[in-house]
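For reference, the structure is listed below as structure tokens.
The values are calculated or read from the model by the stated rules, or taken from the named source; none is laboratory data. Given the structure is predicted, the values throughout are model-derived calculations rather than measurements. Every residue, glycine as well, gets a Cβ built from its backbone with ideal geometry; the counts of neighbours run over all protein chains shown. We work out accessible area using only protein heavy atoms, side chains counted, and drop any ligands, DNA or RNA first. Shrake-Rupley method; radii C 1.70, N 1.55, O 1.52, S 1.80 Å.
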Amino acid sequence: MQDVISHCLLGVLCLSGGVCQVLYGDELSNRLEGVYLGQRLPGRIPEVFAQEVISGSGYRLHGPVVFCPDLTEVCWAVIPPAIMSTSRMNDVWLDPQPLDLEGRVVQAPAYSSDGSRLFYQAVMSNGTGGVNIWQVDRTPDGWGSPASLGSLVNSDRLQSQPCVVANGNLYYTGTLEGSGLDRGIYRSRLVEGEY
């Protein structure tokens with residue numbers, strides 16, 4: 001669990017919120033090698049992380065940077081709403097591309113502890129009417145079809161910022177029907193494969 005938290009904190013501590021140029025084509029691939037997009041490993045002093053890649057040309061960073069547990073893939077949310085991703089092959093990072101995920105207002109990526117599942121927020125016609133949290137399983141061709149986390153997690157209002165810990169439990173921001181609270185941070189336990 002500490003590794004999951006440190007990866008979440010890494011993203012939060014290193015965000016710049018600025019707009020920078022994304023380098024596409026061979027220029028990026030030739031420059032970024034090794035873990036953490038070729039950047040120095042995190043230390044105690046916060047610094048802008050992979051500024052020329054993460055903050056992107058024409059996009060505004062919107063949320064934390066999340067690494068797949070095996071450190072071979074990175075996702076981050078941008079405005080206009082999309083989730084950008086890059087992956088490492090033969091120790092070289094490929095050009096960032098938007099993930100092909102269903103829904104509108106696609107944001108807030110989070111990996112499962114084994115990297116086999118991606119959680120994200122989106123509005124979909126088969127949802128509850130609000131911004132809901134969805135999950136997709138990794139397939140040989142990318143990511144599969146989205147599945148709702150159900151009405152115990154999602155409501156007709158905003159559910160966002162999923163974070164999944166090692167035991168599979170989900171933490172997120174949202175609203176809870178009947179609680180009297182407008183917004184809160186919630187935990188949903190994974191019990192027999194269901195939240």
Expressed in nanometres to one decimal, the distance between label points 7 Å along Cα→Cβ at Glu192 and Gln51 is 5.3 nm
Any idea of the accessible area per residue across segment 39-195, 1.4 Å probe, to the nearest Å²?
51 Å²
In nm, to one decimal, how far is the modelled label at Thr139 from the one at Val35, with both set 7 Å along Cα→Cβ?
3.2 nm
HN-Hα couplings for segment 145-162 via Karplus (6.51, -1.76, 1.60; θ = phi - 60°), in whole Hz with x for Gly/Pro, come out as 7, x, 10, 6, 7, x, 6, 6, 9, 8, 9, 7, 10, 7, 10, 8, 6, x
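Please give the contour-minus-distance gain from Leu99 to Arg183: 0.36 nm per residue of separation, less the Cα-Cα distance, rounded to one decimal in nm.
Details: separation 84, 0.36 × 84 = 30.24 nm, distance 2.83 nm.
Roughly 27.4 nm would be gained on extension.
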